[in-house]
Amino acid sequence: MRIVRGLGARLRRPCCLAVGVFDGVHKGHLSIISEALRRAEKSGSVPAVLTFDPHPDAVISAEGAPPLLTTTDEKLALFRCLGVRLVVVAPFDRALARIAAEEFVREVLVAKLRARCLVVGEGWRFGRGGEGTPALLREMAPQFGFSVDVVPSAVARRAKISSTRIRQLLLRGRVSPAQELLGRRYQVAGEVVQGSGLGRKLGYPTANIEVARAKLLPADGVYACLAGLRKRRPAMAYIGRRPTVAREGERRLEVHFGEAGRWLDLLGRALRVEFAARLRGEKKFFSTAALTAQAALTAQMARDWVRARKVLASLHAKGDVL
């Protein structure tokens, strides 16, 4: 898959272009990209995606960008798996935000990207102030010789699938319903960094993962998950600030692999975590004696690990690909 960063060069070959932010690359986005792939094969053009970095809301919204479901690198990896052959990553800045919709079509989509067909979602907006719409694309299509396909919003449980809806689920720890909308388990990846060693002292060694600040972490709590470098292993993830043993600090992601974790050399390597089910929320164990509180925490971790393995075994029995 070829990756073009920026809008400076003119593409050599005509393409069929799926256009969108595609944060999450969820089932609705998959419908748009799949249609672009189908159209490209039919027309003999290059199946391509145009996406943006950073998230446009980082530039045009007073609140800034929402926490990301997918970083740009994660999006690129997913596009590659789908069979996309070309991805254009456009830097979204104030200059691009101010460009008129008609100029964006004429100078970017047609002149530089050589779009033979465009595939967008029904809610897609572009150009200065969001003035560009799928209807405008259809009006301009005959003049510039491209076709337009507008893909209806995907629906699940009688509501539109959207990145906003998925974020709301994850921020409540509802990773299973989020999986239904994404079409895959929600994933977080990051480098394993040195921790305090407390988990090892308690008998539950963990890999401490440094996650990009822009990336969304699900709600605090304990999760059954799959994690690994390439081969995924049954694991248990903790997200939170360790209130029992530390003062309030930054949220962290820690992963425990059971006995197998004692022999895994993970420090400095990139670990991927797939969230399967939330086991419980954050919990603080109170005691006037620190050792008593830690003993209660150790007992809870033992119960959590037993339950995590049962949950993962149950999903496997139901045919979930683990």
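The values are calculated or read from the model by the stated rules, or taken from the named source; none is laboratory data. Not measured: the values here are computed from a predicted model. All Cβ positions, even for glycine, are placed from backbone atoms using ideal geometry, and neighbour counts span all protein chains on display.
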* Structure fact -> Among Ala48, Ala65, the single one that is in the same structural domain as Gly8 (by TED's automatic domain parsing), at pLDDT below 95 and either in a loop (DSSP other than H, G, I, E, B) or not charged (D, E, K, R) (or both) is Ala65
* Given the structure, is Ser45 on the phi < 0 side of the Ramachandran plot and touching a Cys at 6+ places or on another chain (Cβ under 9 Å)? -> yes
* To do: Please note which strands (runs of 3 or more DSSP E) are completely contained in the range 131-240 and include at least 1 residues that are under 22 Å from Arg280 (Cβ atoms) and free of Cβ contacts under 8 Å to residues at least 60 places away in the same chain.
  => 207-210, 221-228, 233-240
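If you go through the range 7-20 one residue at a time, do you hit one that is assigned to a helix (DSSP H, G or I) and either at pLDDT 95 or above or over 28 Å from Pro218 (Cβ atoms) (or both)?
No, the conditions are met nowhere in the range 7-20.
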* If we scan the range 171-192, do we find a residue that is touching a Gly at 6+ places or on another chain (Cβ under 6 Å) and of a type outside the set (D, E, K, R)? -> yes
* **Failed item, numbered, when Val84 is tested on (1) part of a loop (DSSP other than H, G, I, E, B); (2) within 17 Å of Ala36 (Cα to Cα); (3) free of Cβ contacts under 8 Å to residues at least 12 places away in the same chain** => (3)
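Condition test on Ala115, is it assigned by TED's automatic domain parsing to the domain that holds Ala65 and either among the hydroxyl-bearing types (Ser, Thr, Tyr) or crowded, with 16+ Cβ neighbours inside 10 Å (or both)? Give the derivation first.
Working: assigned by TED's automatic domain parsing to the domain that holds Ala65: yes; either among the hydroxyl-bearing types (Ser, Thr, Tyr) or crowded, with 16+ Cβ neighbours inside 10 Å (or both): yes.
Yes; evaluated as a whole, the condition is true for this residue.
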* Asked: So is Phe79 assigned to a helix (DSSP H, G or I) and of a type in the set (Phe, Trp, Tyr) or not?
  -> yes
* To do: Output the residues belonging to the range 118-150 that are surrounded by 18 or more Cβ atoms within 10 Å (Cβ to Cβ), of a type in the set (Val, Ile, Thr) and under 18 Å from Ser43 (Cα atoms).
  => Val119, Val120, Val150
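Residues are listed down the side, and each one gets a yes or a no for (1) surrounded by 16 or more Cβ atoms within 10 Å (Cβ to Cβ); (2) at pLDDT 95 or above; (3) farther than 28 Å from Thr70 by Cα:
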residue: Arg230; (1), (2), (3): no, no, no
residue: Arg233; (1), (2), (3): yes, no, no
residue: Ala276; (1), (2), (3): yes, yes, no
residue: Gly281; (1), (2), (3): no, no, no
residue: Gln294; (1), (2), (3): yes, no, yes
* To do: Within the range 166-175, track down each residue that is surrounded by fewer than 17 Cβ atoms within 10 Å (Cβ to Cβ) and touching a Leu at 6+ places or on another chain (Cβ under 9 Å).
  => Leu171
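Say whether the condition of being of a type in the set (Gly, Ala, Ser) and at pLDDT below 80 is met by at least one residue in the range 300-307.
no
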* Asked: If we keep just the residues of the range 36-78 that are of a type in the set (Asp, Glu) and surrounded by fewer than 19 Cβ atoms within 10 Å (Cβ to Cβ), which is farthest from Arg184 (Cα to Cα)?
  -> Glu63
* **the range 96-125: number of residues that are outside any helix (DSSP H, G or I), under 15 Å from Val148 (Cβ atoms) and of a type outside the set (A, V, I, L, M, F, W, C)** => 5
